[in-house]
Amino acid sequence: MAVSSAFVACPKLETLLNHHNKLETPLGLVGVRALPRNIRSSRRGLIQRARCELTDSSPNAANISALEQLKNSAADRYTKERSSIVVIGLSIHTAPVEMREKLAIPEAEWPRAIGELCGLNHIEEAAVLSTCNRMEIYVLALSQHRGVKEVTEWMSKTSGIPVSEICQHRFLLYNKDATQHIFEVSAGLDSLVLGEGQILAQVKQVVKVGQGVNGFGRNISGLFKHAITVGKRVRTETNIAAGAVSVSSAAVELALMKLPVSSHASARMLIIGAGKMGKLVIKHLVAKGCTKMVVVNRSEERVTAIRDEIPGVEVIYRPLDEMLASAAEADVVFTSTASETPLFLKEHVETLPPACPEIGGVRLFVDISVPRNVGSCVNEVETARVYNVDDLKEVVAANKEDRLRKAMEAQTIIAEESNQFEAWRDSLETVPTIKKLRAYAERIRMAELEKCMSKMGDDINKKTTRAVDDLSRGIVNRFLHGPMQHLRCDGSDSRTLSETLENMHALNRMYGLEKDILEEKLKAMTSGQQQK
């Protein structure tokens, strides 16, 4: 099966397919070795044949034939085999906050990141899930090993962290394991706080931001959309979201755990940042009985809107330039801003007066931002204690038995939904065959119809022409009905799905559809590269 030289210009394949023009000149052994190393090793027998023919004095036709087969075998590896879904990630479970904040990608930069990732040689589709607890990149890769290598190097380049250090803390998941992971993430099972609601909203945001972005393709977008369904279903059927289920609520609980119980009602609370996280901190403080707090924010509008939502609670606004003065009057400081540089460093905090004697004179800083708003150096100040998102583990240690029970229930749902997603993805394999088989039958129908009409002469009326055309269509549709039924399945049982894929391969061989499907894939890849 020859590969059209018109498609070789695609950068993702040019290292795999030698240009046809080069094959027209005598090649030495170096010409064979120019192919990727892993293809050389997997095609050893074919290379040996090429070596023998290159030393033969026979005409170049035989040499070209052997090398053409080698070239086509490389093309088959990257176009006929299904690409892999891969997750390259670092989370609160595997990497410290210092590393995660360097790797973090703001939401506004996600489309750019997707474009850059899909510009890598072995990456077809991509998505970025970057939160305070995790930095995960989901890709559809032509090659697992090379795709992981390219993405890791890209992460190193964008963050400034050496590849070796990233490799020490990253985790890698492929295909079904990757599917299960994002489903668990969306369901809140991989969060510090079981059933955390914010992560589901963040997964939804990945889909929202990805809409229309070249590179957020059918496989990855389908994965995230299904993950949203799983997250909703788990929360509905297991009640896993009951209780403290967000980073914000855990932050409030952590602060109250560190304060004497007698001071809960009197402790002076300061919240810096009135965005989504800050707003949730305020609401959780109110739920715990707090009736007065100070909020520092760039603008007053958001604070006013929050105040209107919680009547009966005194919410005092302070502008950003009064942040230090406000901190001096607070016992607990919550920070949740998008600032990329610390708001509090040692030199800022050591000049502040001690907190109230009722809480031991130590001011608490609860920083739930990534990048962090409070430098770790603040812990060196005797009258201050800093807690960040990594410290929330202490809060979620409670009710372990209940969490495990609900997690087991959720895993049953996730296993079911994972099978459905894999069945959907498997069903995509038959779509090109269905299209090509119908097109093949249509070409035959039109050719035979044309022959029939020419034999009937020019004096036949429109009614007869239409009747003959309808007859031909009916015959083709009846003929295709059986094969089409055997190319469609809902994936409800693995035997049916396996048989469907076997039927697909059989039809591809019988009707010679593989060549058309291969060249269509090459065209699509070339077109996608040209659009970037």
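Odds and ends about this structure:
- Residues located in the range 193-233, provided they are out of contact with any Leu (no Cβ under 8 Å at 6 or more places or on another chain) and β-branched (Val, Ile, Thr): Ile199, Val207, Val209, Val213, Thr229, Val230
- Flag if Ser454 is out of contact with any Pro (no Cβ under 6 Å at 6 or more places or on another chain) and modelled with pLDDT under 80: no
- Qualifying residue in the range 318-330 (condition: part of a helix (DSSP H, G or I), touching a helix residue (DSSP H, G or I) at 6+ places or on another chain (Cβ under 7 Å) and over 30 Å from Ala227 (Cα atoms)): yes
- Among residues of the range 251-280 that are touching a residue at least 12 places away in the same chain (Cβ under 8 Å) and among the small types (Gly, Ala, Ser), those with a beta-carbon under 7 Å from a residue that is open to solvent by 50 Å² or more (accessible area, probe 1.4 Å) and part of a helix (DSSP H, G or I) at least six positions away or on a different chain give the pairs Ser263/Glu358; Ser266/Glu358; Ala274/Arg302.
- Hey, Ser248 more than 22 Å from Glu322 (Cβ to Cβ), hydroxyl-bearing (Ser, Thr, Tyr) and open to solvent by less than 50 Å² (accessible area, probe 1.4 Å) or not: yes
Quick grid of which residues meet (1) of a type in the set (D, E, K, R); (2) in a loop (DSSP other than H, G, I, E, B); (3) more than 18 Å from Ser326 (Cβ to Cβ); (4) open to solvent by 30 Å² or more (accessible area, probe 1.4 Å):
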| residue | (1), (2), (3), (4) |
| --- | --- |
| Phe365 | no, no, no, no |
| Asn379 | no, no, yes, yes |
| Glu382 | yes, yes, yes, yes |
| Asp390 | yes, no, yes, yes |
| Gln420 | no, no, yes, yes |
| Ser427 | no, no, yes, yes |
| Lys435 | yes, no, yes, yes |
| Arg445 | yes, no, yes, no |
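- Selection of the range 193-210 for residues being open to solvent by less than 30 Å² (accessible area, probe 1.4 Å), at pLDDT 90 or above and either at positive phi or small (Gly, Ala, Ser) (or both) yields only Gly210.
- Strands (runs of 3 or more DSSP E) fully within the range 93-192 counting 2 or more residues that are under 30 Å from Arg235 (Cα atoms), of a type outside the set (S, T, N, Q) and open to solvent by 20 Å² or more (accessible area, probe 1.4 Å): 171-174
- If you filter the range 261-290 down to residues that are at pLDDT below 90 and not in a helix (DSSP H, G or I), you find that the one that is farthest from Arg403 (Cα to Cα) is Ser266.
The values are calculated or read from the model by the stated rules, or taken from the named source; none is laboratory data. This is a predicted model, so every value here is computed, not measured. Note that each Cβ is placed from the backbone with ideal geometry, even for glycine, and that neighbours are counted across all protein chains shown. SASA here: full protein model, heavy atoms, side chains in, ligands and nucleic acids out. Shrake-Rupley method; radii C 1.70, N 1.55, O 1.52, S 1.80 Å.
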